[in-house]
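Presented below is the structure to which this report refers.
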Amino acid sequence: MSPEPAPAGLPARILELGEELRREGVAVGTSEMLDAFEVLREVSWTSEEDFREALAATLAKSQEDRRVFELVFDRFFFRAVELAASREGVQEEQQGALGELSDEDLDALRAQIADALREGSEGAMRDLARMAIAAFARRQEGSGVIGVDVQRIRRALGLRAEPQPDLPAGDPRREGLPREALRRFEALLRRELERSQIERTGNLPPARPLGDLDRALPSGPLADLAAVHRVVAQLRRRLATQGLQARGHRRHAHVDVRRTMRASLQTGGVPVVLKFRPRRPRRPEIYVLCDVSTSVTSASVFFLSVLHALHDTFRKMRSFVFIERISEVTDIFEHERNFKTVSERIAGDAGVADISGYTDYGRVWSEFLTQVEDDLHPRATVIVLGDARTNGRDPRADVFAQIAARAGRTFWLNPEPRLYWNYGDSVIASYEEYCTAFECWTTAQLEDFVRALTRPVIAAPR
Amino acid sequence: MSAPPSPAPSSVAEVAEGLRAVGYLPGESTALVSYLATKLGKPVLVEGPAGVGKTELAKALAKYLGRELVRLQCYEGLDEAKALYEWNYRKQLLRIQAEASGTGWDAVQEDIFGEEFLLARPLMTAIASPEPVVLLIDEIDKTDQEFEAMLLEVLSDFQISIPELGRVESRTHPVVLLTSNNSRELTEALKRRCLYLWLDYPALEHELEIVRLHAPALSETVARRLVEVVGMVRALDLKKPPSIAESIDWARALLLLGVEDIDADTFTETMSVIVKHRTDMDVVADRVGLKLRSSADVA
């Protein structure tokens with residue numbers, strides 16, 4: 001089967017689509033575009049599913065890109081079709097006048113839609129969405145705002161994901177409808193409403209760039225936790241391999257004389273194969289200080305999950321939480337594997353010595369220094385998670401400088417947007433002299449931090 | 001080779017059919033991308049969570065196309081010597097020693113850098129093979145970036161430069177699959193050269209089909225129940241969600257035990273087949289076990 005030749009206008013459309021993807025931040029290079037054209041020679045453009053998958057395989061090269069691609073693809077071709085339709089004056093043929101819609105008809109429609117949702121058939125859902133819109137348009141319930149109308153129709157049809165036990169047995173809605181199908185039905189309603197609006201007014205509304213909300217992966221707090229774990233696993237790998245890179249691959253290999261001699265027996269006593277002592281990758285040693293005061297409440301869940309993930313992956317690690325004073329929580333993390341219990345225990349009896357509830361960074365530094373002074377060495381990494389708001393107390397940057405000088409590397413992750421740094425009682429600037437500070441309040445930024453960690457370290461003389 | 005080499009497929013449906021015939025049920029996009037890969041000769045980057053059949057896809061493709069599978073398992077610190085080629089210097093040394101004195105160095109040198117003294121590693125094997133092969137580069141995300149850079153030459157031009165020998169060009173075009181668990185972001189340059197395929201856990205019906213294919217003796221109702229439970233378990237936040245392979249293992253275990261229905265007790269007894277972490281087991285026993293129990297009460 002050789003695919004049907006593409007119509008003349010298609011290459012231009014594909015280029016426009018690529019252009020649009022670039023605007024949404026997907027890295028589409030010329031080579032990707034060329035690939036897309038090559039692929040379209042193999043795939044028939046008339047089969048929507050194949051067409052979409054083939055383009056996706058060449059243009060979207062990560063899961064996030066794929067998601068953006070889906071959104072842009074839908075929007076782009078919807079608009080392209082509508083534009084062409086309105087230019088040529090094509091009108092949907094109006095559905096035959098059904099007259100006034102009785103309540104029985106409405107009930108039948110409800111049941112049909114619920115059935116279609118349960119089966120999840122796309123075609124039936126699209127037709128029913130149209131019928132529903134037509135039905136409600138006749139009842140004069142349109143508000144003119146598409147989002148409002150969608151919800152109104154959904155409510156009037158009694159479509160809910162939760163089980164509705166008060167409905168009679170046998171009603172397909174009783175058990176609750178599949179959430180995914182419900183979401184798709186809403187999208188179809190929205191699309192059909194948009195279509196009829198464009199038809200009425202005869203022009204396209206301006207294209208709206210994707211908001212962060214559209215783009216974000218559907219995720220709950222649990223998914224966030226998983227994302228944090230993933231980033232931290234990356235961090236571990238990078239820290240583990242970095243030592244080797246900095247030292248050069250084989251430069252400091254030591255010959256293992258004993259094993260070399262033994263191996264030489266194979267070649268008649270001539271030591272042909274040199275045996276080296278195995279290189280033991282250095283174990284990263286990490287000290288983490290985590291602020292859990294009220295000013296960072298919203299961020300501390302995030303921080304604790306980072307800490308939790310770090311503990312899962314690093315053996316040699318000590319962690320401290322602090323508000324006014326510090327307390328070591330290494331043990332808790334080591335013995336508790338469940339994140340929820342950990343956070344409860346830290347909130348409860350881990351007993352962060354807390355009198356006023358205000359962070360006292362100066363005190364924290366000196367306490368930290370006395371506790372770990374002897375253990376800190378140039379191979380250790382210190383990571384501070386905090387907002388550097390001192391509540392007007394002495395920041396004691398000199399003590400922090402001592403810590404940074406003893407440790408190999410010092411990083412600061414600040415949960416506030418960079419815009420707020422050094423405003424009010426934030427003194428991050430005075431600490432930033434001694435460490436590298438990162439803005440960090442999403443997993444994406446955490447990934448940036450991980451990336452920054454892997455840059456080759458050029459030991460700057462302090 | 002067990003299967004005779006089949007001619008290049010001419011449509012997506014044909015690929016889907018062929019993969020199905022060798023026991024791999026491809027999703028819509030899987031079949032399409034596999035088809036494009038055989039057609040265009042571009043490498044495919046397959047990403048997705050562990051255990052959704054990324055490696056399995058390569059094996060199935062090899063089987064379907066009747067080609068040999070050359071596999072390169074990546075790990076941290078993998079280098080050219082392990083992936084491309086190495087000089088067999090022991091043999092070279094013996095060759096020199098065995099040489100009667102008086103032979104000129106030139107002659108010897110000519111001799112010891114011949115193909116006879118070359119140890120071909122997976123990438124080299126795949127490229128130099130006279131028959132077309134399927135090359136699987138497994139878990140590419142485990143390697144260092146340097147290795148990725150080295151792959152670029154191989155993947156875009158299908159050739160390897162050996163300083164002493166010259167260039168080895170591929171005689172046939174291998175189908176290349178790279179798999180990644182997404183533990184590190186791959187470089188743009190590598191992604192640019194590949195088609196992209198994201199494999200996710202299959203939808204309920206699809207997984208049911210897979211389980212029924214691999215454990216045909218299991219009754220329809222138990223299989224459906226099993227897939228539903230696995231879906232429930234995957235929805236939890238686990239260290240290691242159960243993979244498709246584990247669903248199949250579980251199905252076989254249930255078959256062996258002669259289970260009629262998955263109730264709370266059978267579940268707690270056999271869940272170690274699908275859940276492999278102690279903490280995960282607690283969570284799963286807690287949530288799913290309870291749900292099974294309550295649904296049993298209703299019934």
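Since every read-out is calculated from the coordinates, none of them should be taken as a lab result. Values in this document were obtained by computation on a predicted structure and should not be read as measured data. Here the Cβ is made from the backbone with ideal geometry for all residues, glycine too, and neighbour counts use every protein chain on show.
Quick one: length gained pulling A:HIS254 to A:GLU49 fully straight, 0.36 nm per residue minus the C-alpha distance? Show your work: numbers first, answer last.
On the way: separation 205, 0.36 × 205 = 73.80 nm, distance 5.86 nm.
Between A:HIS254 and A:GLU49, full extension yields 67.9 nm more.
Segment B:49-187: D in µm²/s via Stokes-Einstein (Kirkwood Rh, Cα pairs, 25 °C, 0.890 mPa s)?
It diffuses with D of about 147 µm²/s by this estimate.
Quantify how strongly other chains surround peptide B:189-202 by giving the mean number of their Cβ atoms within 10 Å of each of its Cβ atoms. Write down the numbers at each step before the final one.
Numbers: counts 0, 1, 6, 7, 2, 4, 7, 11, 3, 9, 0, 1, 0, 0.
What the average comes to for B:189-202 is 4.
For a quick size check, give me the Cα extents of chain B along its three principal axes, largest first, whole Å.
Result, largest extent first: 93, 44, 38 Å.
Sorted by average packing, counted as other Cβ atoms within 10 angstrom per residue and highest first, what order do A:64-73, A:421-430, A:319-328 take? Present the calculation step by step, with values, prior to reporting the outcome.
Working: A:64-73: 17.6, A:421-430: 15.6, A:319-328: 20.8.
Listed from highest to lowest mean packing, they are A:319-328, A:64-73, A:421-430.
By a straight-distance test (C-alpha under 18 Å), which aspartates and glutamates pair with B:LYS63 as possible cross-link partners, with residues fewer than eight away in the same chain excluded?
Partners found: B:GLU14, B:GLU17, B:GLU131, B:ASP138.
In terms of modelled amide H atoms, which long-range or inter-chain residues lie less than 5 Å from the amide H of B:TYR196?
Those lying under 5 Å, H to H, from B:TYR196 are A:THR58, B:LEU45.
Non-local amide H neighbours of A:LEU385 (under 5 Å, H modeled in plane, Pro and chain starts lacking H): which ones?
A:LEU289, A:CYS290, A:ASP291, A:LEU413
Can you give me the long-range amide H partners of B:VAL176? Hydrogens built in the peptide plane at 1.01 Å from N, cutoff under 5 Å, separation of 5 or more residues or another chain.
Placed amide hydrogens put B:VAL44, B:LEU135 under 5 Å from B:VAL176.
May I ask you to derive the FRET efficiency for A:LEU10 and B:LEU152 from their Cβ-Cβ distance with R0 = 45 Å, giving the value to the nearest 0.05?
Values: r = 31 Å, r/R0 = 0.69.
The computed FRET efficiency comes out at 0.90.
Within 10 Å of each Cβ in A:62-70, how many Cβ atoms from other chains are there, averaged over the peptide?
Working: counts 8, 6, 0, 3, 3, 1, 0, 0, 0.
Mean number of neighbouring Cβ atoms from other chains: 2.
Tell me the label-point distance for the pair B:ALA107, A:ALA111, using the 7 Å Cα-to-Cβ offset, in nm and rounded to one decimal.
About 9.8 nm, to one decimal.
Report, in deg cm²/dmol and to the nearest 500, the calculated mean residue ellipticity at 222 nm for chain B, where each DSSP H run with n ≥ 4 adds -39500 (n - 2.57) and the sum is divided by the residue count. Can you show the working numbers first?
Numbers: 14 runs with 151 residues, N = 299.
Mean residue ellipticity at 222 nm (helix-derived): -15000 deg cm²/dmol.
With 15 Å as the cut-off, how large is the P(r) tail for segment B:204-298, expressed as percent of Cα-Cα pairs?
Details: 2461 of 4465 pairs.
It works out to 55 percent of all Cα pairs.
Could you derive backbone 3J(HN,Hα) for segment A:186-192 from the dihedral phi with the Karplus parameters 6.51, -1.76 and 1.60 (θ = phi - 60°), listing whole Hz in sequence and x where the residue is Gly or Pro?
These are the phi-based 3J(HN,Hα) values: 4, 4, 5, 4, 4, 4, 5 Hz.
Between B:ALA235 and A:VAL145, take the C-beta separation as r, use R0 = 35 Å, and let me know the FRET efficiency to the nearest 0.05. Provide the component values of the computation, followed by the final result.
Values: r = 34 Å, r/R0 = 0.98.
So the FRET efficiency works out to roughly 0.55.
Quick check: pseudo-label points 7 Å beyond the Cα along Cα→Cβ at A:ARG262 and A:THR370, how many nm apart are they?
Between A:ARG262 and A:THR370, the label points sit 5.2 nm apart.
Over 20 Å between Cα atoms, which of B:LYS42/B:LYS142; A:LYS275/B:LYS82; A:LYS61/B:LYS240; A:LYS61/B:LYS54 qualify?
Working: B:LYS42/B:LYS142 22 Å; A:LYS275/B:LYS82 17 Å; A:LYS61/B:LYS240 25 Å; A:LYS61/B:LYS54 16 Å.
Too far apart for the 20 Å limit: B:LYS42/B:LYS142; A:LYS61/B:LYS240.
Packing-wise, with mean Cβ within 10 Å as the measure, how do A:402-413, B:160-171, B:110-121 rank, highest first? Kindly include the intermediate steps, with their values, before the conclusion.
Numbers: A:402-413: 20.1, B:160-171: 13.0, B:110-121: 14.8.
Descending mean neighbour count gives A:402-413, B:110-121, B:160-171.
Taking R0 as 60 Å, what FRET efficiency do you get between A:ALA124 and A:ASP394 from their Cβ-Cβ distance, rounded to the nearest 0.05? Mind showing how you got there, number by number?
Values: r = 70 Å, r/R0 = 1.16.
For R0 = 60 Å, the calculated efficiency reads 0.30.
For segment B:268-282, take each phi angle, set θ = phi - 60°, evaluate the Karplus expression 6.51 cos²θ - 1.76 cosθ + 1.60, and give the result in whole Hz per residue in order, putting x for glycine and proline.
Karplus-based 3J(HN,Hα) across segment B:268-282 equals 5, 6, 9, 5, 5, 6, 9, 10, 10, 10, 4, 5, 4, 4, 4 Hz.
On alpha-carbon atoms, Rg over Rh for segment A:10-88 using Kirkwood Rh? It would help to have the intermediate numbers written out before the result.
Details: Rg = 12.1 Å, Rh = 12.7 Å.
Here Rg/Rh amounts to 0.95.
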